Amino acid sequence: MGIGYTRRRLQARATPFLLLLPALALLTAVAGYPLVGAARISLLQLRINTPEKFVGLENYRRLLSDPQMLQSLGVTTVFVLGSVTAAIFLAYLLALLLYQDFPGRRIVRTIVLIPWALAPVVNGIMWKSMYAPNFGPLNDVLNRIGVLSQSVNWLIDYPMASLILAYVWKVLPFPTLIILAGLEGIPHELYEAAEVDGAGSLTRFRRITLPLQRTVTLLAVILMLVDALHAFAVVDILTRGGPADRTMVLNYAIFRTAFRYLDFGYGAAMAFALTALVLVLTFVYLRAQSEAALATAR
């Protein structure tokens, strides 16, 4: 009886893993095999029309001394920090606005999703037209209201700011929805009690909203960091890394190395460096989330 009970218990524990096996096998075939292939390529000196040569970790050592790689990391840092900071700040403002009860709120919430629904390529083409120095609407509007006295070539004079603006406009609905979902989960009784105690709007936001939104904000920040690290279409369409590599983010540098310069081995090593960076961010998020959960439990 004891053996039978133990067997049934083991079967019960093993059943979920057995049910997951088909999905795991499919995931391994779709993602695992290409990943192993890319790891192999990163250990090779592999260029077009030249025989492949095993170089071990040479491509990874080259990453540490490559000035273009270091410049791309610096550009990526500026782009990611600027984009995520602007996106989270604007997302909070927009989420707080959409949280209020006003006529047509559902329609406005639907309209806010339009930029997110646009294809990245369409978004890039649209903003390239907006930034056009001679006939672009942005210069035209700013000239009409007296902000500018002459047209500006935005993608040459302010390439990074222009890139961040176009990217943030596209992804802004995503963190807005996350933050708005968090706001909807805060009990109204807390705000009512604070209002009875004489707390103003800023105090309620600082004492109630921000502390209870800590986990949600962290989730939005991490997801935006990962997404910004993978930005490609907006860079390719607007600046292609220029002028003078001032917008050469790491993701686009990988594309240029592998598919323009046809240095597949070094490009694969750069891609794994980017993957490692994403994994570090994911680990930081999981660790912070775990610590937040423990603090809440206490």
Among TRP169, TRP127, rank each residue by its count of other Cβ atoms within 10 Å, from fewest to most, as a rough exposure measure.
TRP169, TRP127
When the chain is fully extended, how far beyond the present Cα-Cα distance does THR50 get from ARG9, taking 0.36 nm per residue of separation?
8.9 nm
Can you work out the PRE-style zone for ARG246? Point 7 Å along Cα to Cβ, and I want the residues of region 141-178 with backbone N under 14 Å.
152-164
What is the calculated FRET efficiency for ARG214 to TYR191, with r their C-beta to C-beta distance and R₀ = 22 Å, to the nearest 0.05?
0.80
Quick one: if the Förster radius is 30 Å, what FRET efficiency do LEU81 and SER129 give, using the C-beta to C-beta distance and rounding to 0.05?
0.65
Report relative contact order for the chain in percent, whole number only (criteria: Cα-Cα under 8 Å, sequence separation at least 6).
27
From phi via Karplus (6.51, -1.76, 1.60), per-residue ³J(HN,Hα) for region 172-178 in Hz, x at Gly/Pro:
3, x, 5, x, 4, 5, 4
Sort TYR99, TYR33 so the one with the fewest other Cβ atoms within 10 Å of its own Cβ comes first.
TYR33, TYR99
How long are the semi-axes of the ellipsoid equivalent to the chain, from square roots of 5 times the Cα gyration tensor eigenvalues, in whole Å, largest first?
37, 37, 17
Quick check for you: which residues of region 142-186 have the amide N under 17 Å from the point 7 Å beyond the Cα of ARG109 toward its beta carbon?
173-186
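FYI, it's all coordinate maths here, none of it is from the lab. Note that the structure is predicted; figures quoted are calculated from it, not measured. In this analysis, Cβ positions are derived from the backbone assuming ideal geometry, glycine residues included, and neighbour counts consider all displayed protein chains.
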